[in-house]
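Below: one structure, written as structure tokens.
The values are calculated or read from the model by the stated rules, or taken from the named source; none is laboratory data. Because the structure is predicted, anything quoted here is derived from the model rather than measured. Virtual Cβ from ideal backbone geometry, glycine too; neighbours counted across all protein chains shown.
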Amino acid sequence: MAEKDIIRMSIREVKRLKVIQEAIERHITQRVAASMIGLSERQTRRLVRAVREEGERGVIHRLRGCFSNRRIPAEVKAKVLMLYRSRYIGFGPTLASEKLDELDGIKLSDETMRKWLMEAGLWQRRRKRSRHRQWRQRKECFGEMVQMDGSHHDWLEGRGPELVLMGYIDDATNTVYGRFYEYEGTVPAMDSFRGYVRKYGLPQSVYLDRHTIYKSIKKLTEWEELEGLEPMSQFDPPEADGGAWGRGDPCVFASGKR
């Protein structure tokens, strides 16, 4: 196939094209299409008209492949790298750009300087320090939050198979509850949670880790991504109950307070 017949699209443009085609075929309204692709109705009408007239190329930005009017000439880039090697070797991008402006009359942004140095192998991006985690204040009342996790261990000290302790601890009072199971899965999670609820009542929230029992790793379809949906595991609470899983994100149930 000739190069000119190849249409290159980003994932975003492919998604837009599918939505626009649905609007053209009247499976959805243009108002719904605008909401799905995050554009105004006026912009969506323009895309619909462009796809009708030009086909798939109608969703591609008109400036694709064009050089920016703000593009810095190649000879300036070559001069900057030559000056860096001869005068400023070892300088960071920020300091180097300041010195180029001060001593050589070449004004560059820090990001442009960093990009050029990295492309030339003269600078490496440094890893950012991990963000310090602040100590979370404990809940004040019993039942506000219970922490739940599965602990794999040789609990029987060699006298039987390794088991999993599905453990619960109340955040405010350290009240502990647990049951042993052969594995950590959806059924043990649900069964142990039922046992906890029968004994202590339904907690207002449950604090969980990222285990696949609690948070689905299912890959979203394109339509689910466009709708802003998230995959749910069998253990996830209904959205109407305010459920939200994830490390540091307590799952809030429609609860009876204690």
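Tell me the residue from Y200, Y177 that is touching a strand residue (DSSP E or B) at 6+ places or on another chain (Cβ under 6 Å), of a type in the set (S, T, Y), modelled with pLDDT of 80 or more and surrounded by 13 or more Cβ atoms within 10 Å (Cβ to Cβ), please.
Y177
Counting only residues that are surrounded by fewer than 17 Cβ atoms within 10 Å (Cβ to Cβ) and of a type in the set (A, V, I, L, M, F, W, C), which one in the range 144-164 is nearest to V197 (Cα to Cα)?
That would be W155.
I'd like the full set of residues that are basic (K, R) and over 20 Å from P73 (Cβ atoms), limited to the range 87-118.
If the condition is that a residue be basic (K, R) and over 20 Å from P73 (Cβ atoms), then R87, K99 are the ones that fit.
Pairs only if they're at least six apart or on different chains, beta carbon under 7 angstrom, first in the range 153-168 and under 9 Å from F180 (Cα atoms), second of a type in the set (S, T, N, Q) and part of a strand (DSSP E or B); list them, first residue then second.
V164/S151; L165/S151; G167/S151
With respect to the numbered conditions (1) at positive phi; (2) modelled with pLDDT under 90, which one is the sole condition not fulfilled by G150?
Going through the list (1) at positive phi; (2) modelled with pLDDT under 90, G150 breaks only (1).
Being surrounded by 12 or more Cβ atoms within 10 Å (Cβ to Cβ), among the acidic types (D, E) and modelled with pLDDT under 85 is true for just one of E41, E56. Which residue is that?
Result of the check over E41, E56: E56.
Any residue at all in the range 9-17 that's at pLDDT 85 or above, at negative phi and over 23 Å from the mean Cα position of the chain (by Cα)?
Yes: one or more hits.
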